[in-house]
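Readers should treat all values here as calculations from the given coordinates under stated rules, not as data from a laboratory. Computed from a predicted structure; not experimentally measured. FYI the Cβ positions are ideal-geometry reconstructions off the backbone, even for glycines, and counts take in every protein chain you see.
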Amino acid sequence: MFKKVLVANRGEIALRIVRALRDLDIHSVAVYSDVDRLSQHVRYADEAHNIGPANARLSYLDGDKIIATALACGADAIHPGYGFLAENADFAEAVEKAGLTFIGPSPASMRALGDKIAARAMAISANLPVVPGSPEVTSITDAIAIAEQIGFPVMVKAAAGGGGRGIRIVQNAGEFANAAERCMQEAQAAFGNATIYIEKHLSFVRHIEVQVIGDKHGNIVAVGERECSIQRRHQKIIEECPSIAVTPELRRKLSRDAVRIARAANYHNVGTVEFLLTATGEYYFLEMNTRLQVEHPVTELTTGTDLVKDQILVAFGQELPYDETELLTRGWAIECRIVAEDPFNGFLPSVGKIVLAREPAGPGIRVESALYDGIEVTPDYDSLLAKVTAWGRTRDGAIMRMRRALAEFRVVGVATNIPYLQEILGMDDFKSGNFDTGFLDRHQVSAVEGLEQQKLVAQLASLLMVTSGDSAERGAASNGNGNGVLNGHGSQKASAWRERMSGAALSQGAGRWPRSI
Amino acid sequence: MAQKYLVRLDEDEDVSFEVRREDGRIEVRREDEEAWLTCELSRVGDSELYLLMIDNRPTELYLQRRRGGAFVTVGRHTFDCAVGPWRPPGQRVQGEAAAGGMFKVTAPMAGSIVEVRCRPGDEVASGQVLLIIESMKMNNELRAPRAGVVESVPIAAGQRVRANELLVALRPPDASPEG
């Protein structure tokens, strides 16, 4: 097995990988930018190296620097996580050339599937249904002709795109030129490649994706589907495993198709095959993501797998520890992405210091997060703060646990989308599973806040704080830092005890205190 | 014997409360309310997390003391609460009118300006996009909070801005520019 693995990422996913490495008894190496020095992925790793400034291009996206760091510290392999360099075939190739293992698919598979047009051609030849669409176009007049041929409405997408960027839905020929132009500009700015392509826009579709994992011995297994239709502006925010819309017959078909395209791409490691599912049960291949997905925990909770661990095993060359017939799915899992965006203010990103973070726990709850008290949320990286996953025997049970967990989650210092998620989870159409990818755009879900009650709480708290008697005031004056008990009884005793004990700690040294750090 | 206090929220909204102590309990009554609420505020450990019990119903809040009051975060809001002895209503200070009728559009977060879609002198409608600011790899539209005429735009595309930095100053549609 690998002795030492470098984790080329940050935040919750870097911590997730560090944990998997520890479970495998592999030495973990974190890398961090200047602003991430105190991050959990750094503190929980066995070894950590600074790789540059906050700007990701000069740190987390600097493949040469990361490979040099891996070589210098004697790592055998690099795990890219998701985002950053995860789908960069040139990076994967450079890693292999440096004599290290890239924990992911081969550069050739990444290239074949990362180019959406080539992936589409591969899907057609592997006999997968695809959405009617165009090859790559760089001229707007060509694009209009194709759009008319396919029939409006159409979607204009960036050929090199991802994460929903650049995508535009065009209803008629009149709007087309402007939309195509803007898509090209955005594609050029974001990916350095202005090439676009056009696809028939299907209405009332669900986004269903199938998790696959393959080893280097030719075994490829489908590990169930995920329902990712709850999206805001093409960004997934709630994911489920399984999908309420997938029957056992459909699941077999999707799984077989997913394995077929993975086999056609000579795929190993984890990957995700995305499909669109129409209301009448037809489905179309959309694309294949050649990396670990953000939403992988829902699959892990229902199948009992550890996808991050498994991808390390297969990258080392081991055979997959299970085949499809050995995988038993159990119950239902739902994931909510907690992002630093303000639902009361047009979902603007919210940055600043999180002075207090308390994550939910309890039966059926798993939290993937790298939050800590005092963490700075900066505009340099994406706004994902945490992922909460709830498991239940039934879908309803998972939803109830998720609602409980979100109500327990405390984040002070930046705005989050938690109130918005709570509203979605309470909607009848969500609870009955009656939704498609346009659900959130159609329903103006507005978060509810109960401002009057919050004002009363603030007024009462400040009133009690200020009027809680002279003892509290004195205590505050002496340590400049507020006081323990604030409502009169016992406060004087408490502060006297604190003063005595803190004096003792100072004079005798902190080493006398029992601790578990 | 109850004592009366005035709590001023965000330098704007005054509400008076009565406070009385009974058998070590603290009871509070809000103006215009009949019922007394039994309240208890306790700090949780050494953090700034507090537990406020109102008639045995727990609420967590985050509280930072300041002279004569506290910043209290509950839900998504941080309220600036000033507590003082009660004064008759005539002496209450009302919220300040916006100076000179100007309205400032400030940066809601740190980021960089991608595009400026207004110029001084432009008449803008409420909800009209004034500029686009990029933060966390997302382009965000900043819209006019009200109708008005653009007085000044002290930033340009490509520039990085701090949170709360002035981006666009608006004056009411009918007001003429100064001088």
Which of the lysines could be linked to A:K353 by a straight reach, that is with a Cα gap under 20 Å, when you skip same-chain ones fewer than 8 residues away? A:K387, B:K137
Just to compare against my own numbers: the Cα pair-distance distribution for region A:170-229, 10 Å bins, whole % per bin, please. 17, 25, 28, 23, 6, 0
Along the charge dipole of chain A, which of A:Q231, A:I261, A:Y44 sits closest to the positive end, that is, farthest toward it, with unit charges on the beta carbon of Lys, Arg, Asp and Glu (+1, +1, -1, -1)? A:Y44
FRET efficiency (A:E249, A:R393; Cβ distance; R0 25 Å; to 0.05) is 0.60
Computed [θ] at 222 nm, deg cm²/dmol, the protein assembly as shown (DSSP H ≥ 4; -39,500 (n - 2.57); rounded to nearest 500): -8500 deg cm²/dmol
Span-like helix ranges in chain A, DSSP H, alpha carbon extent 18 angstrom or more, Kyte mean at least -0.5: A:11-23, A:173-191, A:451-467
For the B:R66, B:E13 Cβ pair and Förster radius 22 Å, calculated FRET efficiency rounded to 0.05 is 0.80
Label point 7 Å out from A:D428 along Cα-to-Cβ: which residues of region A:400-417 have amide N under 12 Å? none
With +1 on each Lys and Arg Cβ and -1 on each Asp and Glu Cβ, how big is the dipole of region A:205-442 about its Cα centre, in debye rounded to the nearest 20? 300 debye
With each pseudo-label sitting 7 Å past Cα toward Cβ, what's the B:E31-A:R256 distance in nm, one decimal? 7.5 nm
If you average 1/r over every pair of different alpha-carbon atoms in region A:205-442 and take one over that average, what Kirkwood value in Å do you get? 18.5 Å
Roughly how many Å is it from the Cα centre of region A:93-112 to that of region B:111-179, as a whole number? 46 Å
Candidates per trypsin sites (Lys or Arg not before Pro) in region A:294-350, loop by DSSP, up to 16 other Cβ within 10 Å: A:R330
Give me the Kirkwood hydrodynamic radius of the protein assembly as shown, using the inverse of the mean 1/r over all pairs of distinct Cα atoms, in Å to one decimal. 28.3 Å
Residue-averaged beta-carbon neighbours from other chains (10 angstrom radius) around B:62-74: 5
Can you compute the charge dipole magnitude of region B:99-171 about its Cα centre, using +1 on each Lys and Arg Cβ and -1 on each Asp and Glu Cβ, nothing else charged? Give it in debye, rounded to the nearest 20. 140 debye
Could you tell me the distance between the Cα centroids of region A:7-55 and region A:355-379, to the nearest Å? 17 Å
What would the Debye equation give as log₁₀ I(q)/I(0) for region A:132-200 at q = 0.16, 0.21, 0.27, 0.28 Å⁻¹, counting only Cα atoms as equal point scatterers? -0.42, -0.73, -1.21, -1.29
For chain B, place one equal point scatterer on every Cα, skip the solvent, and apply the Debye formula. What is log10 of I(q)/I(0) at q = 0.12, 0.14, 0.20 Å⁻¹? -0.80, -0.91, -1.25
Going Cα to Cα from A:K216, which lysines come in below 30 Å? Please leave out same-chain ones fewer than 8 positions away. A:K3, A:K4, A:K65, A:K97, A:K116, A:K253, A:K309
Treating only the Cα positions of region B:99-171 as identical point scatterers, give the base-10 log of I(q)/I(0) from the Debye formula at each q in 0.11, 0.21 Å⁻¹. -0.23, -0.82
Segment A:E175-A:A407, extension gain: residue separation times 0.36 nm, minus the distance between their alpha carbons: 79.2 nm
